[in-house]
1. Just to be sure, is residue 262 crowded, with 16+ Cβ neighbours inside 10 Å, outside the structural domain of residue 56 (by TED's automatic domain parsing), farther than 30 Å from residue 58 by Cα and out of contact with any Gly (no Cβ under 8 Å at 6 or more places or on another chain)?
2. Residue by residue through the range 67-79, note down the ones that are of a type in the set (S, T, N, Q), touching a residue at least 24 places away in the same chain (Cβ under 8 Å) and farther than 22 Å from residue 12 by Cβ.
3. On the given criteria, is residue 194 touching a strand residue (DSSP E or B) at 6+ places or on another chain (Cβ under 9 Å) and not in a loop (DSSP other than H, G, I, E, B)?
4. If a residue has to be assigned to a helix (DSSP H, G or I) and without any contact (Cβ under 8 Å) to a residue 40 or more places away in the chain to count, how many in the range 23-49 make the cut?
5. Just checking, which of 84, 51 is closer than 20 Å to residue 38 by Cα and either surrounded by 15 or more Cβ atoms within 10 Å (Cβ to Cβ) or of a type in the set (S, T, N, Q) (or both)?
6. Going through 97, 104 one at a time, which residue ends up being assigned to a helix (DSSP H, G or I) and under 20 Å from the mean Cα position of the chain (by Cα)?
7. Could you check, for the range 54-69, whether at least one of its residues is on the phi > 0 side of the Ramachandran plot, of a type in the set (Gly, Ala, Ser) and assigned by TED's automatic domain parsing to the domain that holds residue 105?
8. Counting only residues that are in contact (Cβ under 8 Å) with a residue 12 or more places away in the chain and assigned to a helix (DSSP H, G or I), which one in the range 5-21 is surrounded by the fewest Cβ atoms within 10 Å (Cβ to Cβ)?
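The values are calculated or read from the model by the stated rules, or taken from the named source; none is laboratory data. Predicted model only: the values in this text are computed from it and were never measured. Every residue, glycine among them, receives a Cβ derived from its backbone with ideal geometry; neighbour counts consider all protein chains shown.
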Amino acid sequence: MSVITLTSDYGLVDHRVASIKGKILSWSEDVKVVDITHNIMAYNLLQTAYIVRNAYKFFPEESIHIISVDSFHHKSRKNIITKIDGHYFICADNGIINLMFFDIKPEAIYEITLNNRFDDKVSFPSTDIFVPAAMHLYKGGLPEVIGRKIKTIKDISFPKAIYNEAEKMIVGEVMYIDNFGNVVSNISRKFFEKHAAINGEFTVRFRNIVLSKIMEQYTDVVTDWNREPEFHGKSSVIFNDADLLEITIYKGSVLNGASTLFGMSTGEKIYVEFV
């Protein structure tokens with residue numbers, strides 16, 4: 001039996017998330033519904049892409065992922081089902097799919113045609129379109145019954161790190177800041193190792209900070225566990241569980257983490273300079 005996950009920028013104060021869950025349960029009380037997050041910043045597709053990309057793979061194949069971010073209805077914008085890596089994703093055609101899966105080709109893409117029957121009556125796509133589509137799939141229905149196959153969807157380019165050969169440096173940028181204030185870049189381990197193998201020694205530079213070592217894990221900054229509290233607030237660079245270069249403060253938080261202490265925000269440059 002597949003799982004239905006929910007991701008949205010609705011927060012938990014208003015009625016919207018409860019409405020989605022209620023609509024699902026009204027179709028079947030046996031559905032397993034899992035929240036990925038409802039704390040996406042309003043309309044923030046890059047944040048959505050990072051979170052869902054790193055979460056979906058832990059769910060069983062054939063899971064159905066409803067993404068209600070930047071999803072309010074407009075008659076000129078399609079709503080889509082995509083099958084990617086054995087999972088279904090239901091969302092508005094707002095660029096999120098290509099942003100999230102910049103390196104994976106969809107197995108199939110369908111424009112949901114449910115809304116064509118009652119276009120003027122759609123007030124909340126998550127309950128009026130996404131849930132019926134998800135429940136159709138959940139009950140074993142084929143996507144082509146509720147949609148028509150299409151080849152192209154809106155494309156938003158994922159910001160990629162580049163290598164400046166003349167300067168012998170990787171130029172990346174901050175793409176995400178997590179709940180601990182850690183600053184996540186778009187520099188992947190694979191991209192770094194490719195150029196490190198050729199160039200050798202390096203430093204990581206951001207703002208006026210220079211670090212010369214990449215740690216394997218967050219606790220590597222602690223050299224004496226008996227004095228562990230003395231290392232609170234120490235900065236380091238690691239490759240996180242998404243294999244992306246991350247600037248972190250040991251035991252930091254959103255209030256005193258790397259983003260706050262270094263004054264960094266999304267879009268800011270991070271450099272790996274080879275020496």
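1. For residue 262, the condition - crowded, with 16+ Cβ neighbours inside 10 Å, outside the structural domain of residue 56 (by TED's automatic domain parsing), farther than 30 Å from residue 58 by Cα and out of contact with any Gly (no Cβ under 8 Å at 6 or more places or on another chain) - is met.
2. The answer is 79, and nothing else.
3. When the stated conditions are applied, residue 194 passes them.
4. So the answer is 2.
5. 51
6. 97
7. no
8. 19
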